[in-house]
Amino acid sequence: MTKAPPFRVVDSRRPFQGKVLTVRTDRIVDDDGRTSEREVVEHNGAVGALVVDDDGQVVLVDQWRHAVGARVLEVAAGKYDVDGETVEHALRRELAEELRVEGGSLTFLATFYTTPGWSDEVLDLYLAEGVRPIEGDAPAADWEEQGIEVVRLPFEEALARAAGPPGDAKTLVALGLYGLKLAGSWTPGQADRPPPDAPARRAARRPA
């Protein structure tokens, strides 16, 4: 059972709206009349997949991340930034752009908030197996992503390298869950996989 929040939102405004995110400022008040402000980053969310090839190698991408000023080892992932695109279509597009692969099976692993202290971003995470190289021309990656390097590693080495420091959260979650699956101590539950139109549903639940 979800408990009611300890305060009420009495006013909301959006002082910044960018291409990737929007900043919302909420004025809140509790039952004792105390007021404060909360800054929330609204994000359309993202989808990613831990790709494991037929040899059991983990396939990751090494890419430059401008925000942290460093290259980061990550699972292939991308934003929900195409209107009307389904969860699977968005993931397939990212796998084609970043890894130049297609096909294979997708097993849902988890859906989680990336940074719930200040953002509503949700990431849908999958395990991709049995993918194959795209024959012919693959979709062109964004020019900012041209420095991406595809890295294939044994699971243990991938886990050690992904830990950083600092490491990428979604990649550590993916490797951790995959490690539990390999050990036979956890089985991904498919009943909770997001509906195809999950990105649109989440955006519709935001305050007006």
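The values are calculated or read from the model by the stated rules, or taken from the named source; none is laboratory data. From a predicted model like this one, the values you see are computed outputs, not experimental measurements. Ideal geometry is used to build each Cβ from the backbone, glycine not excepted, and the neighbour counts take in all protein chains shown.
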(request) Inspect all residues belonging to the stretch 18-25 and state whether any of them is surrounded by fewer than 16 Cβ atoms within 10 Å (Cβ to Cβ), free of Cβ contacts under 8 Å to residues at least 12 places away in the same chain and not assigned by TED's automatic domain parsing to the domain that holds Ala158. (result) yes
(request) Hey, can you tell me all the residues within the stretch 15-42 that are of a type outside the set (A, V, I, L, M, F, W, C), part of a strand (DSSP E or B) and more than 15 Å from Ala203 (Cα to Cα)? (result) Pro15, Thr25, Asp26, Arg27, Thr35, Ser36, Glu37, Arg38, Glu39
(message) Pairs please, first residue from the stretch 147-171 and closer than 18 Å to Ala110 by Cβ, second anywhere and part of a loop (DSSP other than H, G, I, E, B), Cβ atoms under 6 Å, 6+ apart in sequence or on different chains.
(response) Thr171/Val75
(message) Looking at Thr107, Thr111 in this structure, which one is under 19 Å from Gly130 (Cβ atoms), at pLDDT 95 or above and in the same structural domain as Asp168 (by TED's automatic domain parsing)?
(response) Thr107
(message) Looking only at the stretch 141-154, how many residues end up being in a loop (DSSP other than H, G, I, E, B), modelled with pLDDT of 75 or more and over 19 Å from the mean Cα position of the chain (by Cα)?
(response) 2
(request) List every residue pair whose Cβ atoms sit under 6 Å apart, with the two residues 6 or more apart in sequence or on different chains, where the first one lies in the stretch 182-207 and is in contact (Cβ under 8 Å) with a residue 12 or more places away in the chain and the second, anywhere, is in a loop (DSSP other than H, G, I, E, B) and of a type in the set (Phe, Trp, Tyr). (result) Pro199/Tyr80
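Conditions tested, residue by residue: (1) crowded, with 16+ Cβ neighbours inside 10 Å; (2) β-branched (Val, Ile, Thr); (3) not in a strand (DSSP E or B).
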| position | (1), (2), (3) |
| --- | --- |
| Val10 | no, yes, no |
| Asp55 | no, no, yes |
| Gln63 | yes, no, no |
| Val72 | yes, yes, no |
| Gly78 | yes, no, no |
| Thr111 | yes, yes, no |
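Conditions tested, residue by residue: (1) among the acidic types (Asp, Glu); (2) modelled with pLDDT under 95; (3) surrounded by 13 or more Cβ atoms within 10 Å (Cβ to Cβ); (4) not assigned by TED's automatic domain parsing to the domain that holds Ala70.
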position: Gly117; (1), (2), (3), (4): no, no, no, no
position: Glu121; (1), (2), (3), (4): yes, no, yes, no
position: Glu135; (1), (2), (3), (4): yes, yes, no, no
position: Leu159; (1), (2), (3), (4): no, no, yes, no
position: Tyr178; (1), (2), (3), (4): no, no, yes, no
